[in-house]
Amino acid sequence: MSTRPLIGLSLDSEEAGGWSKMPWYALRQNYCAAVAASGGLPVALPHEADAAEAYLDKLDGLVITGGAFDVDPSLFGAEAKHETVKTKDARTRFELAILNGALARDMAILGICGGQQLLNVALGGTLIQHIPDHVPDALAHEQPNPRTEAGHAVQLVKGTRLHAICGADELQVNSAHHQAAAGVGDGVVINARAPDGVIEGIEAPDRRFCIGVEWHPEFHISAGDKRIFDAFIQAARGDASR
């Protein structure tokens, strides 16, 4: 049996235009590269919601990736949708199906940016729909500088699994989001915050590995980013040998 756990990564999707005249999937290479660099075997997951359980039968871990879209506010009980909110319903339907299945199996799960937001909703939490409208003097969470550079710092909460993994009280991170976690569900712990108070990370400590971060650790801006993937793959390898 291979010692490289099979890691599913959710794809983004776009309508016809740009790269292809037909609707198409996309995924930045560094998502897969980060999984491979930590010892995992990355595979991309098309948005076949009805096949979620079949995918999970093959996988050892799951990464819900980010993208330039938002979680539908109706999924966390909001009655109104902010004018800036853009949804991708087929993608979210698939990601929620496979995420709920992975949670039921206690698989290793890593949510990144929008993936962290969806993870928070799946675990019973809510979201801020547009940070500038809710957080006074908010940082530029949609950083103007390249994603290969840090945009701001986050403080890691002592005593959390994320703090233990990264071995640091603070990380410099990149940032590309206008939504964020608001309330968290039962048993969910906040493990990172930005200086303006915005929640930057969550975890479910009673699970094998269930962590979401608002930044993009696949860029490996800090040593902590690599350690997040290392710990995730180690947990997924445990799933593979279980």
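If Ser74 satisfies every condition in (1) free of Cβ contacts under 8 Å to residues at least 40 places away in the same chain; (2) hydroxyl-bearing (Ser, Thr, Tyr); (3) in a loop (DSSP other than H, G, I, E, B) but one, which is the exception?
All conditions pass for Ser74, except number (3).
Need the failing condition index for Ala102 against (1) surrounded by 16 or more Cβ atoms within 10 Å (Cβ to Cβ); (2) of a type in the set (Gly, Ala, Ser); (3) within 16 Å of Ile233 (Cα to Cα); (4) out of contact with any strand residue (DSSP E or B) (no Cβ under 6 Å at 6 or more places or on another chain), just the number.
Unmet for Ala102, out of (1) surrounded by 16 or more Cβ atoms within 10 Å (Cβ to Cβ); (2) of a type in the set (Gly, Ala, Ser); (3) within 16 Å of Ile233 (Cα to Cα); (4) out of contact with any strand residue (DSSP E or B) (no Cβ under 6 Å at 6 or more places or on another chain): (4).
Inspect segment 121-140 for any residue being hydroxyl-bearing (Ser, Thr, Tyr), over 19 Å from Gly224 (Cβ atoms), at pLDDT 95 or above and within 20 Å of the chain's Cα centre (by Cα) and give the result as yes or no. Quick ask: steps written out before the conclusion?
Of all residues in segment 121-140, those hydroxyl-bearing (Ser, Thr, Tyr) come to 126.
From the residues that got through so far, the ones that are over 19 Å from Gly224 (Cβ atoms) too are 126.
Still in the running and at pLDDT 95 or above: 126.
Okay, now just the ones that are also within 20 Å of the chain's Cα centre (by Cα), so 126.
Yes, segment 121-140 contains at least one residue that is hydroxyl-bearing (Ser, Thr, Tyr), over 19 Å from Gly224 (Cβ atoms), at pLDDT 95 or above and within 20 Å of the chain's Cα centre (by Cα).
Being among the polar types (S, T, N, Q) and crowded, with 18+ Cβ neighbours inside 10 Å is true for just one of Gln116, Gln29. Which residue is that?
One residue alone meets the criteria, Gln116.
Could you tell me how many of the residues in segment 154-165 are farther than 13 Å from Ile211 by Cβ, buried (at least 17 other Cβ atoms within 10 Å of the Cβ) and without any contact (Cβ under 8 Å) to a residue 40 or more places away in the chain?
0
How many of the residues making up segment 179-206 are in a loop (DSSP other than H, G, I, E, B) and buried (at least 18 other Cβ atoms within 10 Å of the Cβ)?
6
Do you know which residues across segment 1-26 are without any contact (Cβ under 8 Å) to a residue 12 or more places away in the chain, open to solvent by 50 Å² or more (accessible area, probe 1.4 Å) and assigned to a strand (DSSP E or B)? Let's see the steps before the verdict.
We begin by selecting, within segment 1-26, every residue without any contact (Cβ under 8 Å) to a residue 12 or more places away in the chain; these are 15-24.
Filter once more, keeping what is open to solvent by 50 Å² or more (accessible area, probe 1.4 Å): 15-16, 18-19, 21-24.
Trp24 - this is the single residue of segment 1-26 that is without any contact (Cβ under 8 Å) to a residue 12 or more places away in the chain, open to solvent by 50 Å² or more (accessible area, probe 1.4 Å) and assigned to a strand (DSSP E or B).
Any residue at all in segment 32-41 that's in contact (Cβ under 8 Å) with a residue 12 or more places away in the chain, surrounded by 12 or more Cβ atoms within 10 Å (Cβ to Cβ), part of a helix (DSSP H, G or I) and in contact with a strand residue (DSSP E or B) (Cβ under 6 Å, 6 or more places away or on another chain)? Outline the logic, then answer.
Residues of segment 32-41 in contact (Cβ under 8 Å) with a residue 12 or more places away in the chain: 32-35, 37-41.
If we keep only those that are surrounded by 12 or more Cβ atoms within 10 Å (Cβ to Cβ) too, we end up with 32-35, 37-41.
This time we only want the ones that are part of a helix (DSSP H, G or I), so: 32-35, 37.
Applying the additional criterion that residues be in contact with a strand residue (DSSP E or B) (Cβ under 6 Å, 6 or more places away or on another chain) yields 32, 35.
Yes; the residues of segment 32-41 include at least one that is in contact (Cβ under 8 Å) with a residue 12 or more places away in the chain, surrounded by 12 or more Cβ atoms within 10 Å (Cβ to Cβ), part of a helix (DSSP H, G or I) and in contact with a strand residue (DSSP E or B) (Cβ under 6 Å, 6 or more places away or on another chain).
Could you check Ala54 against (1) in a strand (DSSP E or B); (2) surrounded by fewer than 21 Cβ atoms within 10 Å (Cβ to Cβ) and say which number it fails?
It fails just one condition, (1).
Please count how many residues of segment 71-99 are open to solvent by less than 10 Å² (accessible area, probe 1.4 Å) and in contact with a Gly (Cβ under 9 Å, 6 or more places away or on another chain).
So in segment 71-99, the residues open to solvent by less than 10 Å² (accessible area, probe 1.4 Å) come out as 71, 73, 91, 94-95, 98-99.
Subsequent filtering for residues that are in contact with a Gly (Cβ under 9 Å, 6 or more places away or on another chain) retains 71, 91, 95, 98-99.
Going through segment 71-99 one residue at a time, the tally reaches 5.
Answer yes or no as to whether Ala168 is surrounded by fewer than 19 Cβ atoms within 10 Å (Cβ to Cβ) and not in a helix (DSSP H, G or I).
In short, yes.
Only one of (1) in a loop (DSSP other than H, G, I, E, B); (2) modelled with pLDDT of 95 or more fails for Arg91. Which number is that?
Looking at each condition in turn, Arg91 falls short on (1).
From the list Ala80, Ala54, which one is free of Cβ contacts under 8 Å to residues at least 24 places away in the same chain and within 26 Å of Asp106 (Cβ to Cβ)? Full working, then the answer.
Working: Ala80 fails: within 26 Å of Asp106 (Cβ to Cβ).
Of Ala80, Ala54, the one residue that is free of Cβ contacts under 8 Å to residues at least 24 places away in the same chain and within 26 Å of Asp106 (Cβ to Cβ) is Ala54.
If you go through segment 198-224, how many residues are free of Cβ contacts under 8 Å to residues at least 60 places away in the same chain and at positive phi?
Total satisfying the criteria: 0.
Would you check which residues across segment 57-67 are surrounded by 14 or more Cβ atoms within 10 Å (Cβ to Cβ) and either in a loop (DSSP other than H, G, I, E, B) or among the basic types (Lys, Arg) (or both) and list them?
The answer is Leu59, Asp60, Thr65, Gly66, Gly67.
The values are calculated or read from the model by the stated rules, or taken from the named source; none is laboratory data. What you are looking at is a predicted structure, and each value in this text was computed from that prediction instead of being measured. When we count neighbours, we look across all protein chains shown, and the Cβ atoms used for this are built from the backbone with ideal geometry, even at glycine. Note: accessible area is taken over every heavy atom of the protein model, side chains too, but ligands, DNA and RNA are not part of it. Shrake-Rupley method; radii C 1.70, N 1.55, O 1.52, S 1.80 Å.
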